[in-house]
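Right, one structure below, let's go through it.
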Amino acid sequence: MSALPDPNDEAQGRAYDHRLAQRLFAFLVPYRRQVGFAVIITLGAAGVQLAYPWLTKEAIDLGIRHRDTYQLDRIALAYLSALLMGMGLGYLQTQIMQRVGQSLMRDLRARIFRHLQQLPVAYFDRQPVGRLMTRVTNDVDVINEMFTAGIDALFGDLFILIGIVIAMARLNVELLVVTFSVLPLMIIVTLTFRTKVRSAFRDVRTSLARLNAFMNENLGGMSTVQLLGREERNHEAFRTINALHRDANLRANRIHAVFFPLLELVSAMALALIVWYGGRQVMWTGITLGTLVAFIQYTQRFFRPLSDLSEKYGILQQAMASAERIFELLDTPIDPAAAKLDAGVGDRAGSGENVASGAHAPAARAERAIRIEFDHVWFAYVDEHWVLEDVSFTIEPGERVAVVGATGSGKTTLTSLLLRFYTPQRGTIRVDGRPLSEWEPTALRDRIGLVLQDVFLFSGTVGSNLTYGGVPVSPEQARAAAAEVHADTLIERLPGGWDSEVRERGATLSSGEKQLLAFARALARDPELLVLDEATSSVDTHTERLIQSALRRLLSGRTSLVIAHRLSTIHDVDRIVVLHHGRIRESGSHAELMAAGGLYRRLVQLQYLGTADDAATAQK
Ligand SMILES: Nc1ncnc2c1ncn2[C@@H]1O[C@H](COP(=O)(O)OP(=O)(O)OP(=O)(O)O)[C@@H](O)[C@H]1O
Ligand SMILES: [Mg+2]
């Protein structure tokens, strides 16, 4: 079920993986100067931190005890300068690391998106969109956190800890030993609670992921939810997941509520020990009061970076897990054909001038016409579950071929293979005599106009949807194409006309409207081959007539492959191919097939009698 998060998303790996770290740091290379600068600044800021207790000691021992106001003023001034410097350095450090972190995230996201665009279409059959979104957002964020809150602060923390130990040792070794006698207790408390906290937060994240997945699915399918009256049941399911999330959060908070006071207690004990033991030393031996005060301050400054360090360990661990998932995605082999996509962009910019200069005259079409040949093609989406078996047919230049067949007989699959979204296991598909594998996908796709079964429109304006794509399409061409398929009246009827907003996937347009827009979009590119996967959804008779007539205009004199559900649309195509369970059963003109009295004739009769659904059932 989709509400279950991928266990892989929650894996907690090692805190440090050399191979992963190396690949991550490769992304830092362009920013090495800034990072180096930030590390130096961090060390400087840590040094300033070490100075405060030392200055306090000097103030007490040199100034206050000797009643030397001059010294005291000087030290107070030094303290003030140190404070200001610490503030300035802290600001600089944050600014630099934030800049580096944000740039790094931008680079990573760009890499991921670029890679995603080149992955074979089959990859997206297996990967839920939600998980891929997580790669681009969450995982990248976690890595950013490692760089901004982790790496350079790690240097700072380590530096401070070492610096404090050295400073304390120089002040008084005996007091140092006393202070550190509580350290084992401190470490035990921290380690015990760290693991508890981490597992609690993992539960919080898992339950949140389930909550999001559940919301996502049910909001997306709201009309179906309401139609089927699933509100109560969904509400119940939601309540369960919701309660789990609350419990996980409460558990995490409970652990926190115990952990921090306990930590406070231990460090307070260390302080008490110093005051008690050190106080005696001040009274009976030579230790100065300043030393004792400095010690107290150092102790307070010591425990914070210590607990920070263990938190940073957790961040590092998460970042490595995120990095692993991101690199796994980046390592997914891209479609070797799509890889050439980038190379093809340049060529197209050149050919775009031809389009603009009017090389689109229909007269030129005959010589540009395209020849398609399916040669004993076998294809399965999974293993050996053949969807197409030994399919062979040709479409001669200028010929109009229709494919008909029951639902699931493999019609859409044919078009996916032709456009190289998938590769057949056996057999060859040739375009103009050259196998598909030898074609550059862009060069090929640019010559094909495609209208898919479910029309996909991008968000933007209606106009931009028609001019969208690698082949340059001028607004005039778009308008001409729209007029040819009768989409212009429809567009002008829309509230904003050509500038009407198209929402996500064209959610605000009707199926018929989308279909007409898709026709216009395909025609505007003036493709040599038109591939049309007719939508099964029914439209009103007026729109139906518009679509019918638009179709005729689209197909006239153009090499085309039409997948038809309304058999009435294809009476006048040159040839009809009947597909049955992935095999070609019949082929010929409408008249020939009707005369033959086979599957096609039965389909046509059934469609005249009843609905297409009956026809589909009858075929089985
Ligand atoms: N991405 C995919 N992964 C696995 N199986 C698929 C995939 N797409 C389609 N199939 C299966 O392949 C078979 C043929 O599907 P196809 O979409 O080609 O049918 P169709 O003839 O276009 O049907 P319809 O008339 O309903 O559009 C079906 O059994 C379908 O379940
Ligand atoms: Mg289909």
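When you scan segment 119-126, do you find a residue that is at pLDDT below 80 and either β-branched (Val, Ile, Thr) or at positive phi (or both), even just one? Checked segment 119-126: no residue is at pLDDT below 80 and either β-branched (Val, Ile, Thr) or at positive phi (or both).
Of Tyr79, Tyr70, Tyr16, which residue is at pLDDT 90 or above and closer than 28 Å to Leu161 by Cα? Unique residue meeting the criteria: Tyr79.
Within segment 437-462, residues that are over 13 Å from Phe519 (Cβ atoms) reach partners that are outside any helix (DSSP H, G or I) and within 16 Å of ligand 2 (Cβ to nearest atom) with beta carbons closer than 6 Å, at six or more positions or on different chains, in the pairs Ile448/Val531; Gln453/Asp533; Gln453/Ala535. Scanning segment 99-111 for residues that are surrounded by 14 or more Cβ atoms within 10 Å (Cβ to Cβ) and not β-branched (Val, Ile, Thr) turns up Arg99, Gly101, Ser103, Leu104, Met105, Asp107, Leu108, Arg109, Arg111.
Against the list (1) polar (S, T, N, Q); (2) in contact with a helix residue (DSSP H, G or I) (Cβ under 6 Å, 6 or more places away or on another chain); (3) within 29 Å of Ile570 (Cα to Cα), the condition Thr559 fails is (2). Whether any residue in segment 543-560 is away from ligand 2 (no atom under 16 Å from the Cβ), under 26 Å from Thr442 (Cβ atoms) and assigned to a helix (DSSP H, G or I) is what I want to check. For segment 543-560, residues away from ligand 2 (no atom under 16 Å from the Cβ), under 26 Å from Thr442 (Cβ atoms) and assigned to a helix (DSSP H, G or I): present. With respect to the stated conditions, Leu158 fails to be modelled with pLDDT under 80 and over 23 Å from Ile326 (Cα atoms).
Does Asp139 meet the test of being of a type in the set (Asp, Glu), within 14 Å of the chain's Cα centre (by Cα) and buried (at least 17 other Cβ atoms within 10 Å of the Cβ)? For Asp139, the condition - of a type in the set (Asp, Glu), within 14 Å of the chain's Cα centre (by Cα) and buried (at least 17 other Cβ atoms within 10 Å of the Cβ) - is met. Residues in segment 377-389 that are loosely packed, with under 15 Cβ neighbours inside 10 Å and either in a strand (DSSP E or B) or within 10 Å of ligand 1 (Cβ to nearest atom) (or both): Tyr381, Val382, His385. Checked against (1) among the small types (Gly, Ala, Ser); (2) over 14 Å from Leu176 (Cβ atoms); (3) part of a helix (DSSP H, G or I), Gly278 meets all criteria but (2).
For segment 66-75, the count of residues that are among the charged types (D, E, K, R), outside any helix (DSSP H, G or I) and out of contact with any Phe, Trp or Tyr (no Cβ under 8 Å at 6 or more places or on another chain) is at least one. Before we move on, is Glu389 of a type outside the set (A, V, I, L, M, F, W, C), in contact with a Phe, Trp or Tyr (Cβ under 7 Å, 6 or more places away or on another chain) and at pLDDT 90 or above? Taking the combined requirement at face value, the residue satisfies it. Looking at Leu530, is it modelled with pLDDT under 80 and more than 31 Å from the chain's Cα centre (by Cα)? It is false that Leu530 is modelled with pLDDT under 80 and more than 31 Å from the chain's Cα centre (by Cα).
Taking the criterion of being touching a Phe, Trp or Tyr at 6+ places or on another chain (Cβ under 9 Å) and either within 7 Å of ligand 1 (Cβ to nearest atom) or of a type in the set (A, V, I, L, M) (or both), the residues of segment 404-423 that qualify are Val404, Gly410, Thr413, Leu414, Leu417, Leu418.
Taken across segment 261-268, residues that are touching an Asp or Glu at 6+ places or on another chain (Cβ under 8 Å), in a helix (DSSP H, G or I) and free of Cβ contacts under 8 Å to residues at least 12 places away in the same chain do not occur at all. If you check Asp107 against the conditions, is it acidic (Asp, Glu), in a helix (DSSP H, G or I) and under 30 Å from Phe214 (Cα atoms)? Answer is no for this residue.
Criterion applied to Leu228, Leu250, Leu265 was being in the same structural domain as Asp139 (by TED's automatic domain parsing), under 30 Å from Val293 (Cα atoms) and either out of contact with any Lys or Arg (no Cβ under 9 Å at 6 or more places or on another chain) or at pLDDT below 90 (or both), and the one residue passing it is Leu265. Among the residues of segment 455-471, those identified as assigned to a loop (DSSP other than H, G, I, E, B), closer than 28 Å to Pro495 by Cβ and more than 16 Å from ligand 1 (Cβ to nearest atom) are Leu457, Phe458, Ser459, Tyr468, Gly469. Pairing residues of segment 53-71 that are at negative phi and not assigned by TED's automatic domain parsing to the domain that holds Gly86 with residues that are loosely packed, with under 13 Cβ neighbours inside 10 Å and among the acidic types (Asp, Glu), at Cβ distances under 9 Å and at least 6 apart in sequence or on separate chains, gives no pairs at all.
The values are calculated or read from the model by the stated rules, or taken from the named source; none is laboratory data. Worth saying up front: this structure is predicted, and the values here are computed from it rather than measured. As a convention, Cβ positions derive from the backbone with ideal geometry for all residues, glycine included, and neighbour counts pool all protein chains shown.
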